[in-house]
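The values are calculated or read from the model by the stated rules, or taken from the named source; none is laboratory data. All of these numbers come straight from a predicted model, not from anything done at the bench. Reconstructed Cβ throughout: ideal geometry from the backbone, glycine too, with neighbour counts over all protein chains shown.
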């Protein structure tokens with residue numbers, strides 16, 4: 001290990017920066033954030049550097065005399081000779097010097113930084129592969145939201161009370177593990193800082209009490225793992241147990257903690273593998289065991305996902321919960337099929353409708369749904385394509401209205417079939433459409449023929465008919 005990692009207190013201490021371009025400006029911004037007193041030397045400087053009263057700017061060429069009083073120096077020029085002169089002057093004075101992107105001239109390295117102050121993470125490859133360090137930083141940035149800084153600040157403020165209440169080092173370590181993995185961290189993330197303070201005090205008073213479980217209701221999106229939100233990814237990687245729908249893709253489940261228990265509670269068309277009542281009971285059982293439970297649902301849990309029912313059940317039993325929204329199927333299928341759900345020339349509104357059974361369709365306001373200049377996104381309607389067609393036409397929607405059936409939207413095996421409303425049932429049958437599939441009705445559906453960009457091109461019903 002050539003470079004020893006450390007964090008330097010630069011409050012009020014002088015740092016010399018040689019160079020006045022964009023790179024030097026980035027370094028100066030970091031130094032000022034750390035409270036350093038910056039002396040900058042360069043023939044030309046950026047407008048921001050020149051106009052900042054917090055910087056001691058010297059217009060001119062580098063001279064070793066500018067090292068006077070400096071504890072660190074940074075050379076940020078594109079002139080090799082100047083950089084070498086700064087490095088040599090630093091060695092002569094036992095002042096650590098960083099020459100930007102030139103490790104062999106540097107006596108210290110400025111790492112890639114993830115700043116969640118007071119939590120700060122530094123990543124370095126010793127100057128060998130700065131791009132790799134930046135890649136690691138980007139991944140950490142996606143995993144560590146701003147609540148980590150708030151949590152660190154909370155623990156800093158409580159540090160003396162925690163030390164006084166738990167003088168034993170091992171007991172303190174167990175306490176901190178409980179806090180950062182438990183309900184205190186969750187409440188901070190949910191922006192309930194007073195609640196986090198109360199929970200921290202309760203935990204400190206009863207450090208040996210069983211861990212409190214909680215549930216995170218997570219929308220898994222339509223299938224593509226890249227459409228998960230960052231909060232969904234964090235929840236999966238913190239989960240002790242995951243109760244997931246049948247249609248949640250393996251590539252999504254594979255992002256979870258390796259040692260998390262996975263329980264499939266999905267439902268299939270025509271039959272229920274696990275009843276909703278039993279799912280509720282399983283959530284309660286797992287949470288009462290002190291586990292962090294993720295209830296993982298396809299799409300968005302609040303769009304035809306019965307997420308509200310599950311949360312009502314948890315609330316009745318005093319189980320803490322939080323919600324991570326997901327991209328619902330209509331939005332994803334439309335986007336991946338090249339179908340804008342609203343369009344200034346064709347549709348000024350969009351309606352999400354569930355059509356999974358005859359009973360649910362009988363209760364729909366078909367007269368309203370059949371109005372023109374709107375888009376219908378029909379969930380779970382594969383078994384009722386004929387009924388959808390008949391009801392919409394009967395209530396005034398033109399038989400020539402464009403429709404699209406999107407099967408496995410956003411997934412590698414996505415298929416899009418285009419037809420008109422009169423042909424909807426025949427097109428679905430000819431293409432052997434199976435769930436999961438979404439039906440989009442409206443003039444915007446025709447745009448898929450020209451705006452598609454993902455996977456195979458849409459298939460026109462007339463093509464299917466010709467083949468048949």
Legend entry - Which numbered condition residue 311 fails, given (1) modelled with pLDDT of 95 or more; (2) assigned by TED's automatic domain parsing to the domain that holds residue 250; (3) touching a helix residue (DSSP H, G or I) at 6+ places or on another chain (Cβ under 7 Å); (4) crowded, with 18+ Cβ neighbours inside 10 Å: (3)
Inset, instruction - With the condition kept exactly as written, say whether any residue in region 270-278 is touching a residue at least 12 places away in the same chain (Cβ under 8 Å) and touching a helix residue (DSSP H, G or I) at 6+ places or on another chain (Cβ under 6 Å). - result: no
Inset, instruction - Please indicate, with yes or no, whether at least one residue in region 322-341 is farther than 24 Å from residue 225 by Cβ and free of Cβ contacts under 8 Å to residues at least 40 places away in the same chain. - result: no
Inset, instruction - Among the candidates 12, 20, single out the residue that is under 24 Å from residue 79 (Cβ atoms) and in a loop (DSSP other than H, G, I, E, B). - result: 20
Legend entry - Residues within region 116-154 that are free of Cβ contacts under 8 Å to residues at least 60 places away in the same chain, surrounded by 16 or more Cβ atoms within 10 Å (Cβ to Cβ), under 22 Å from the mean Cα position of the chain (by Cα) and not in a helix (DSSP H, G or I), tallied: 5
Inset, instruction - Identify the single condition in (1) assigned by TED's automatic domain parsing to the domain that holds residue 188; (2) under 14 Å from residue 234 (Cβ atoms) that residue 139 does not satisfy, given that it satisfies every other one. - result: (1)
Legend entry - Counted residues, region 76-100 - those being farther than 19 Å from residue 6 by Cα and assigned to a loop (DSSP other than H, G, I, E, B): 4
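Can you tell me which residue among 199, 177 is surrounded by fewer than 20 Cβ atoms within 10 Å (Cβ to Cβ) and not in a strand (DSSP E or B)?
Checking each option against the conditions leaves just 177.
Just to confirm my filter: which helices (runs of 4 or more DSSP H) fall fully inside region 203-298 and include at least 1 residues that are modelled with pLDDT of 90 or more and farther than 30 Å from residue 155 by Cβ?
250-253, 276-288
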